[in-house]
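Here it is, the structure in full.
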Amino acid sequence: MNLLSQDLIIHITFSLGLLFFILDLFIKLMNNYSLITRILSILLLGYSLYLEGGLNNDLKWQEKVKELENKVKIMEEQSNVVNTKIETQVVEKIKVINHNVDKIHNIIQIKEKIINADCKLNPIAIKLYNNAVKNGNNKHD
């Protein structure tokens, strides 16, 4: 980066403007150029005050950005914990569903002869289908 940072240049500009303004008010060394130096020192002082305000505002926004970045980091960590909990719950539900499907499939194979007798839809088939749809609440006869 540069030898003089932007912040330092702004502070030096403010100091010079203030110094020239004070010298012009109290010492009056340059009587012939007093009006010009007073105008220039006031302009320099006003401009440097404006820059100081902008610098201060920028620092405040940078602090807010850091705070929000920290909050985002904390929220990401919390969301990772919640995501792992949700993933385990989903995996457990899938295991239960697969277990129930296998159980119903086995019961259908056992009762296959009753279900297929006379090519009519047997009430046992209806109950087994309903149990499979209701996530395996087996109340078969």
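Just checking, which of ASN138, ASN116 is among the polar types (S, T, N, Q), in a loop (DSSP other than H, G, I, E, B) and at pLDDT below 80?
Values: ASN116 fails: in a loop (DSSP other than H, G, I, E, B).
Of the residues listed, the single one that is among the polar types (S, T, N, Q), in a loop (DSSP other than H, G, I, E, B) and at pLDDT below 80 is ASN138.
Assigned to a helix (DSSP H, G or I) and modelled with pLDDT under 90, is that true of LYS103? I'd like the intermediate steps shown before the answer.
Working: assigned to a helix (DSSP H, G or I): yes; modelled with pLDDT under 90: yes.
Answer is yes for this residue.
Right, here's the next one. Please verify whether SER34 is among the hydroxyl-bearing types (Ser, Thr, Tyr), surrounded by 10 or more Cβ atoms within 10 Å (Cβ to Cβ) and either under 30 Å from SER5 (Cβ atoms) or within 48 Å of the chain's Cα centre (by Cα) (or both), treating the condition exactly as stated. Show your work before the answer.
On the way: among the hydroxyl-bearing types (Ser, Thr, Tyr): yes; surrounded by 10 or more Cβ atoms within 10 Å (Cβ to Cβ): yes; either under 30 Å from SER5 (Cβ atoms) or within 48 Å of the chain's Cα centre (by Cα) (or both): no.
No: the conditions fail for SER34.
The values are calculated or read from the model by the stated rules, or taken from the named source; none is laboratory data. In this text, all values refer to a predicted model and were calculated from it rather than measured experimentally. Neighbour counts run over all protein chains shown; Cβ positions are idealised from the backbone, glycine included.
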